[in-house]
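A short reminder: the numbers here are calculations on the coordinates, not readings from a lab. Nothing here was measured: the structure is a model prediction, and the numbers come from that model. Every residue, glycine as well, gets a Cβ built from its backbone with ideal geometry; the counts of neighbours run over all protein chains shown.
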Amino acid sequence: MGKKCLLVFVKYPEAGKVKTRLAVDIGDQKAVAVYKCMVEDLMATVKKLDMSVIVCYDPKESGLSMMKWLGAGPRYYAQTGADLGEKLENAFYHAYSKNFTDVAVIGSDTPDLSVTQINEAFDYLNQTEAVIGPANDGGYYLLGFNRGGFFLDVFKNIPWSTDMVYVETWSKIRKSGKVCEVLSEWNDVDTIFDLEDLYKKNKDTWFKDSKTMQWIRNDGMFD
């Protein structure tokens with residue numbers, strides 16, 4: 001069994017800085033409110049995992065505010081790098097430098113990601129070098145490598161924030177010769193349509209009593 005670490009990429013909840021595509025339809029303040037619910041739901045899930053969790057936060061000066069918000073349970077690490085690729089690369093290197101052997105990263109766009117799904121990803125890392133979870137928007141919601149599977153170029157020259165992120169990343173992994181397992185597709189929440197989909201599909205799931213679902217019900221936007 002490897003020494004496992006989950007990296008969670010999170011932005012500090014500031015109006016105009018988070019969920020900007022969603023804010024187009026519901027406004028900045030509501031976008032921040034639902035984002036906070038999504039992150040808190042995700043953190044409640046990862047706290048149930050039998051592994052270390054590192055919150056990779058942005059901006060770097062928000063460290064104390066992030067700890068006050070999310071508590072003392074996880075470790076914290078300021079995202080560093082010129083773009084998302086460098087930030088991801090540096091976060092993986094940080095985890096490996098702490099002697100973790102199996103490392104995966106998730107963002108904060110999939111609040112209904114379950115303990116079972118995350119554990120499945122790490123189970124694969126006991127058998128293969130890499131694991132990836134494609135998102136419905138062309139990105140990925142999870143990417144993981146064991147120490148031997150990680151390679152330098154996986155985050156370089158990726159067209160971030162496009163529908164080619166998954167395809168380009170998968171192509172790099174395949175060309176590197178690494179063995180990679182693919183998880184089931186899952187939905188990111190970036191737009192009003194994604195939020196409605198999240199609400200409708202989770203009315204009768206384990207996620208129905210989450211903060212995100214309660215916020216949507218209280219707002220009444222989809223009723």
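Length gained on full extension, MET67 to TYR93, computed as 0.36 nm times the residue gap minus the Cα-Cα distance: 7.2 nm.
So if I place +1 on the C-beta of Lys and Arg and -1 on the C-beta of Asp and Glu, and nothing else carries charge, what would the dipole magnitude of region 65-189 be about its Cα centre? I want it in debye, nearest 20.
Values: 10 positive and 16 negative charges, 112 e Å.
In total the dipole reaches around 540 debye.
Taken along the Cα-to-beta-carbon direction at a fixed 7 Å, the label points for GLN127 and ARG174 span 2.1 nm. By the rule of a C-alpha distance below 19 Å, with chain neighbours fewer than 8 residues away ignored, the aspartates and glutamates paired with LYS208 are GLU40, ASP41, ASP109, ASP112, ASP188, ASP194, GLU196, ASP197, ASP219, ASP223.
Assigning unit charges at the beta carbon (Lys, Arg +1; Asp, Glu -1) and nothing else, what dipole magnitude in debye, to the nearest 20, does region 140-223 show about its Cα centre?
On the way: 12 positive and 14 negative charges, 105 e Å.
Approximately 500 debye in magnitude.
Within a straight-line Cα-Cα reach of under 20 Å, LYS3 can be paired with the following aspartates and glutamates, leaving aside sequence neighbours fewer than 8 residues apart in one chain: ASP50, GLU89, ASP102, GLU120, ASP123, GLU129, GLU181. Positive end of the dipole of the chain (Cβ unit charges, origin at the Cα centre): among GLN29, ALA15, TYR124, the Cα lying farthest that way belongs to TYR124. Residues within the reach of a label modelled at GLU196 (point 7 angstrom out along Cα to beta-carbon, backbone nitrogen below 20 Å), restricted to region 4-20, are 19-20.
The convex hull around the C-alpha trace of the chain, projected and averaged over every direction, spans 11.6 square nanometres.
Seen from THR80, the other residues with C-beta closer than 13 Å to its C-beta sum to a net charge of -3, counting Lys and Arg as +1 and Asp and Glu as -1. Within region 107-131, which residues have the backbone N less than 16 Å from the label spot 7 Å out from ALA44 along Cα→beta-carbon, could you tell me? Under cut-off, by backbone N: 110-116.
Among PHE100, PHE193, PHE122, the largest mean-square fluctuation in a Gaussian network model of the chain, built with springs joining Cα atoms closer than 10 Å, belongs to PHE193. Where Lys and Arg each count +1 and Asp and Glu each count -1, what net charge lies around ALA31 among other residues with Cβ under 14 Å from its Cβ? Result for the neighbourhood of ALA31: -1.
Divide by every residue of the chain the summed helix terms, -39500 (n - 2.57) for each DSSP H run of at least 4, and state the resulting mean residue ellipticity at 222 nm, rounded to the nearest 500 deg cm²/dmol. Walk me through the numbers before you get to the answer.
Details: 8 runs with 90 residues, N = 223.
Helix contribution divided over all residues of the chain: -12500 deg cm²/dmol.
Computed from point charges on the beta carbon alone (+1 for Lys and Arg, -1 for Asp and Glu), the dipole magnitude for region 4-218 about its Cα centre is near 540 Debye.
Can you grab the distance from the C-alpha centre of region 133-204 to the C-alpha centre of region 5-37, Å, no decimals? When both Cα centres are located, 19 Å separates them.
Which of the DSSP-defined H helices in the chain satisfy a minimum axial length of 24 Å, computed from C-alpha atoms, and a minimum mean Kyte-Doolittle hydropathy of -1.0? Each step should come with its number before you reach the end.
Details: long enough: 28-46 (27 Å, 0.45).
Long hydrophobic helices here: 28-46.
Sorted from fewest to most neighbouring beta carbons within 10 Å, what does the list MET164, MET51 look like?
Values: MET164 14, MET51 17.
In increasing order of surrounding Cβ atoms, one gets MET164, MET51.
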